[in-house]
Amino acid sequence: LCLKKKKMAKSLLKTSSLSGRTKLLHQTGLSLYSTSHGFYEEEVKKKLQQFPGGSIDLQKEDSGIGILTLNNPSKMNAFSGVMMLQLLEKVIELENWTEGKGLIVRGAKNTFSSGSDLNAVKSLGTPEDGMAVCMFMQNTLTRFMRLPLISVALVQGWALGGGAEFTTACDFRLMTPESKIRFVHKEMGIIPSWGGTTRLVEIIGSRQALKVLSGALKLDSKYALHIGMVEEVLQSSDETKSLEEAQEWLKQFIQGPPEVIRALKKSVCSGRELYLEEALQNERDLLGTVWGGPANLEAIAKKGKFNK
């Protein structure tokens, strides 16, 4: 009897724990870290506010595609403290953009991003400072990754350090012919800390990730395509033309009503982050938001499941 009670308690504990994971994944605005982890967001924000420069710009188009631009061209679009704060603001704006379906992340002036601004890095010199910024950026990029938008990083020029890490938070990556991605952290005596290692392992596997990180390898477009880091190498290196190419590439995945595209992205997120049982239950719940909806009824009225 005692053993049976223990099993029941263990089962209940597991169910309770899994339900909590689902809530964490799909409740908008929740972050990984809080005060219970020693993370005090307002204090970190005050520190980051001391390092101005550049901006994060967001353009939302009628097509349902957003264009997020890392804009600090005098420093190869390096992230200042203020840009880190603005990125969080833009993520919150995107969380509330119910008409959105897709997102392109790019850098201004034909290069992606060189990572963190060294002025901020030098001033935030203690391990405590480093871990605080780490938690802030992991919070932001995890929320970014969970956006119900299909996202693609348009890599032009260089994506270095934190810039390389940001590309891994996108669902897909496209490169222009001359562009390069490099996780340069080892050369700086650190490791990726914006979630880049964890996401890179998922994208290219642990063996390739270890090579890329420990070798601080310069990934040109050909090699990145070979190891599965990117989906495609675009034809043009021109800033305007490559953006048009990226928009055309993305459009094939966002055709259809926003509620369906967004439900698909949420379902894939839960499949990646949750245990099997919880992911299946979440899939069921998401189906309930679109089954019998306008898009479903219209498709049925056309008397075909799909177009051949």
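Structure notes:
- Placing dummy labels 7 Å off each Cα toward the beta-carbon, the span from residue 126 to residue 49 is 2.0 nm.
- Fully extended contour minus Cα-Cα distance, from residue 223 to residue 295, at 0.36 nm per residue: 21.9 nm
- Taking amide H as placed 1.01 Å from N in the peptide plane, residue 180 has its amide H under 5 Å from the amide H of 157, 158, 159, each at least 5 places away in sequence or on another chain.
- Protection-proxy order for peptides 111-118, 272-279, 125-132, each taking the mean of Cβ atoms within 10 Å per residue, highest first: 111-118, 272-279, 125-132
- Full extension of the chain between residue 37 and residue 302 yields a length gain of 90.1 nm, computed as 0.36 nm times the residue separation minus the alpha carbon distance.
- Cβ-Cβ distance of residue 207 and residue 276, R₀ of 35 Å, FRET efficiency by 1/(1 + (r/R0)^6): the value works out to about 0.85.
- Taking 0.36 nm per residue of sequence separation and removing the Cα-Cα distance, the residue 252/residue 62 pair yields an extension gain of 66.8 nm.
- Bins of 10 Å, starting at 0 and running to the largest distance - Cα pair percent for the chain: 6, 25, 32, 23, 10, 3, 1, 0
- Taking trypsin sites (Lys or Arg not before Pro) across region 59-140, none is in a DSSP loop with at most 11 further Cβ atoms lying within 10 angstrom of its Cβ.
- GNM result for the chain, Cα springs below 10 Å: residue of 194, 291, 249 fluctuating most strongly: 291
- Couplings 3J(HN,Hα) for region 172-188, derived from phi with the Karplus relation 6.51 cos²θ - 1.76 cosθ + 1.60 (θ = phi - 60°), are 9, 9, 10, 10, 7, x, 9, 7, 9, 10, 9, 7, 8, 4, 4, 5, 9 Hz, where x marks Gly and Pro.
- Distance between modelled label sites at residue 244 and residue 118, nm, 7 Å Cα→Cβ extension: 3.8
- Taken along the Cα-to-beta-carbon direction at a fixed 7 Å, the label points for residue 285 and residue 188 span 3.7 nm.
- Accessible-area ranking of 269, 134, largest first, probe 1.4 Å: 134, 269
- When the listed pairs 60/303; 90/251; 101/122; 265/302; 218/241; 45/266 are checked against a 27 Å cut-off, the alpha-carbon distance exceeds it for 60/303; 101/122; 45/266.
- Vicinal HN-Hα couplings computed from phi for region 258-267 (Karplus, 6.51 cos²θ - 1.76 cosθ + 1.60; Hz; Gly/Pro x): x, 5, 6, 4, 5, 5, 4, 5, 4, 5
The values are calculated or read from the model by the stated rules, or taken from the named source; none is laboratory data. Predicted model, so just to flag it, every value in this text is computed and none were measured. Neighbour counts are summed over all protein chains in view; Cβ atoms, including those assigned to glycine, are modelled from backbone coordinates with ideal geometry. Quick note on the areas: whole protein, heavy atoms, side chains included, nothing else; ligands and nucleic acids left out. Shrake-Rupley method; radii C 1.70, N 1.55, O 1.52, S 1.80 Å.
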